[in-house]
Amino acid sequence: MAGSDTELIVDATRSEVKRWGGESPGYLHLAVVLARRWPTEFDEEFGDEGLRPIEKRLGDAEFIGDEAGVREVLDAGSHVEILAKLKELISAAPDGPSVVLTKGASPAVVPTTGGGSGAAGAVEDVAGTDSAEQDAGVADGTPAGGSAVEHGGTASSSVPEGEKPARDREQILGLAKRVKAEAIVGREAEHREVAALLLAESAGPIVVTGERGSGRTSFIRGLPLVLEAAGIDLAVFEVPQDQDLSPDDLYRLLRQAPEDSVIVVDDLDRRAMLRDQHPLVEMLRALRGASDCTKARVVVLLEQSSIGRFETYVADFGHLVPLRTLDETSAKSAIDRAVEQVTARYEGVTPDAELLVAVAAPPARTEKVVHPGLAARRLDLALARAAVEGRDTATMLDLHRDGSAPALRSRVEEMSAVMKARVKGQDSAIEAVTRRLALTRSNLDLRPERPNGVFLFVGPTGVGKTELAREIARVEYGGEDALIRLDMSEYSDSWGVSRLTGPMPGYVGSDTPDDWLTTKVANLPRCVVLLDEIEKAHPVVWNVFLQVFDAGRLSDSRGVTADFRDAVVVMTSNIGVRESNSKPIGFGVSAGAERSRALALDALKDTMPPELLNRIDEVAQFEALSPESITEIARVEVDGAVAMLASRGWTVTVDDDVIEWLATTGYDPAYGARHLQRNIERRLLGELVRFSERGVSSVRASVRDGEVVISEA
C-alpha cells in the first residue's frame, strides 16, 4: 500500500484513540477505521457480526497493539492480506481481560472475574495512576484468589468484568467528562425531581429546559451532591460544550456508558441545530435509539425556546423538568456568585458599587438572557471595556458600547426638537410620537412585550409621513440603516403573506429567507418597520400584524421567531384625506383640525378592522403644509443639495429669493412638498450641466424677472 495511504489510515486511527481511549493507536482502532474504508472486504473477512465485538472490546477498555504494530499490519500487502493479518492478531489476543500493549513493552493482561458491569462499592481516585489508563478506563481488578492487586502503589477493590466503575472514571470514551460537584442554591426542587427520575428505572431520558442564562450547566454541577445526599450511587458525566459530538459518537457513548453513570448532553439544541430550518435529525435518532438500549441514565439540556422541536420526543418517552425563575434570595446569591467568578478573571480591574447594582437590574426589552447569566454577561463586557482603556475601575458608562449614558435618559423635549428640525409643519404629529417613545424609553409602558410604538400616520401625500419614519430611525436607532420599508401595494394579494413569513418548505421562495420580514427583524431587532400605504395591502396581510402589534413577535415557516419588542412600527395611509378636506355644510359646523381628525377616523373605521385599529398606540394626523412650512422645507432641501455639490467639488451660492421662488412655484396643497425636489433638480441642478462642460465649478443662483438664473460666480 502506498505510503501516503498508510499515513492517512494511521491518522484516522489516532482519531479513534480520542474517541475510544487508549495510549496509542492499536489493532482494534485500526479495525474500526478499515471497516469504514473497505466495508465489503471487511465484512467478508470478519463475518456477519462485523464491528460489534470489536466495539464492545474497545468499550471495555481493551487496547491491543501499538502504532508500530499498526504500521506493520498496513505493510502486509493487499486489502485482503491486511485484513487477514489484522483478524489473526485480534483473535490471538485474550478476549475479556483488559489487554494493554504499548511500544517496547510486553502485553499486560489483567485478569477479571465474571458478573455484571456494576461495581460493588466506590473506588477512590488513585494518586499516581497513569492518566492515559484513567481516560481509557483500564481495569483495576483482583486475581482469581481474590486478593487485592497493587496499582500505582495503592490497593483497589474488586471490579467485575475488567471495567473500572463509573464512579472512579474521569471520562468515558474521551467524550464525556466527570462533572465537578458544586453546591447550587435555589434549585432544590428541580434537583430532587431529577434525582427521583434517575432513581426510577422506567423514567427514561430527562430533558432539563431553561431560558438562556438561567444556569442549566451549573444546575448539573449541583446534581452529584444531591445524589450523594440521597444515597443514589450514580456518577455524573457531561459532554462539554466545546466537545465535538457526531450522531455516531453520541450513539456509541450511550451504548458503552456503564450502568452506574448519568450521561448529560449539554446544548443539544445547538448540537442538533433545532433552531435551524433543517435540524440534524440524525442526532435525535441516535439519542432515541441509544436510549432504548443503554443501561446508563440520560439527561439532556436545552433552551426553553427550542422545546417546540423536541416536545414530540419528550411526550413519547421522556420527562421534562423546566428550571423555574429563581426567587429573589436565590437570584441574588446566584448573581453574586457569577459576579465573583467574572471579577476573578480580570486582575487589576474592579467594578464600582453603582455598576454592581446595574448588572443585577432586570433584563431590558432587548436582552434575551436572564439572570444569573445576564449579570455575568453585563459585567464581563463592562470589565473588558475598562481593561482595554487601561482603567482600574469599571463604571456604569462601561455598560454601553459608546461609553455614554443610556438612551433612556434622553428628554422628550430634546427628541421632539431634533425631529421638528427635520420635519416641518407637523408639530402635533411629532408630539404624539415623542410622547409614546418617551413612555417606552422610561420603561413605564404597561405591556413591555409589545413594540416600542405602533403608529398610523394619516394625511395627504408629500407632507412628511415617510420622512418622520426616517427621523424616528435616526433618533431612536442611530441612522436610516435601521429603517425596514415595505411598500404594501406589493402585498395586495393574499399570497403576499409568504413574503413576510416565508412559504412552506418546498415551495418557491422557501430557500431565500433573507427576503422575509421575520429574517430582517431577527437580524436587526432595533429598527423602524415602515408599512407604506397600508390600505393597499390585502386584509389577510393585515391579520399577520395583529400578533406583532399585540405580542411583539412573529414566527416564520422555519420556526424562527422575530422579536419586535424593541422595534417601532409605522403605518402610513391616505385614508380619510378626501373626507377631512371636504367643505362643511350648513352653519356652525367647525372645519378645524378636530373635525378633520374625526372625519379621517371615521373613514379608517370603515376601511380597517377594529381589532387592527385597537392595537395602534397613536393615530397621527398630518396636516396640509402651509406656505411657511414649504419655505422652511425648501431651505432644508437646498442646503442639502449645496452640501452634496460641495462634496463633488462645486461651490454654489443660493440667494434667499431663490428659496422663496422654489417654494411657491408649482406649489399645490394637494401634493405637498414633492414639487420642491422637481424644482430643485430642474431649475437648479439641471442648469449646472452647461457649466460643467466649460469647466466652471463656482456659480451663483439668483432670481431675475421672475426666473431662477445661474451665473458664474
Legend entry - Cα gyration tensor category, rounded, prolate or oblate, for segment 455-547 with a/c compared to 1.5: oblate
Inset, instruction - Mind grabbing the accessible area of THR343 for me, 1.4 Å probe, Å², rounded to tens? - result: 40
Inset, instruction - Determine the per residue accessible area of segment 478-550 with all protein chains present and a 1.4 angstrom probe, expressed in square angstrom. - result: 48
Inset, instruction - Just read off the accessible area of SER702 with the full protein assembly in place, 1.4 Å probe, to the nearest 10 Å². - result: 20
Inset, instruction - Work from the charge dipole of segment 467-526 (Cβ charges, +1 for Lys and Arg, -1 for Asp and Glu, about the Cα centre) and give the residue of ILE472, GLY509, MET488 farthest towards its positive end. - result: ILE472
Legend entry - Whether segment 186-282 is rounded, prolate or oblate, judged on the alpha carbon gyration tensor where a/c under 1.5 counts as rounded: oblate
Inset, instruction - Please compute the net charge surrounding ARG474, taking Lys and Arg as +1 and Asp and Glu as -1 over other residues with Cβ under 12 Å from its Cβ. - result: -3
Legend entry - Heavy-atom accessible area order for ARG324, ARG187, ARG485, ARG683, largest first, 1.4 Å probe: ARG485, ARG324, ARG683, ARG187
Inset, instruction - Rank these residues by their accessible area, most exposed first, probe 1.4 Å: TRP542, TRP650. - result: TRP650, TRP542
Legend entry - Three-way shape label, segment 32-74, alpha-carbon gyration tensor, a/c 1.5: oblate
Inset, instruction - Quick one: net charge around VAL239, please, counting Lys, Arg +1 and Asp, Glu -1 for every other residue with C-beta under 11 Å from its C-beta. - result: -4
Inset, instruction - Could you state how much accessible area TRP38 has, in square angstrom rounded to the nearest 10, with a 1.4 Å probe and all protein chains kept in place? - result: 20
Legend entry - Inter-centroid distance (Cα atoms) of segment 513-542 relative to segment 1-45, Å: 54
Legend entry - Of all accessible heavy-atom area on segment 610-693, the percent that carbon and sulfur account for (1.4 Å): 48
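The values are calculated or read from the model by the stated rules, or taken from the named source; none is laboratory data. Small disclaimer: the values here were computed from a predicted structure and weren't measured. No Cβ is skipped: glycine too gets one built from the backbone with ideal geometry, and neighbour counts run over all protein chains shown. Surface accessibility is based on the protein's heavy atoms, side chains included, excluding ligands, DNA and RNA. Shrake-Rupley method; radii C 1.70, N 1.55, O 1.52, S 1.80 Å.
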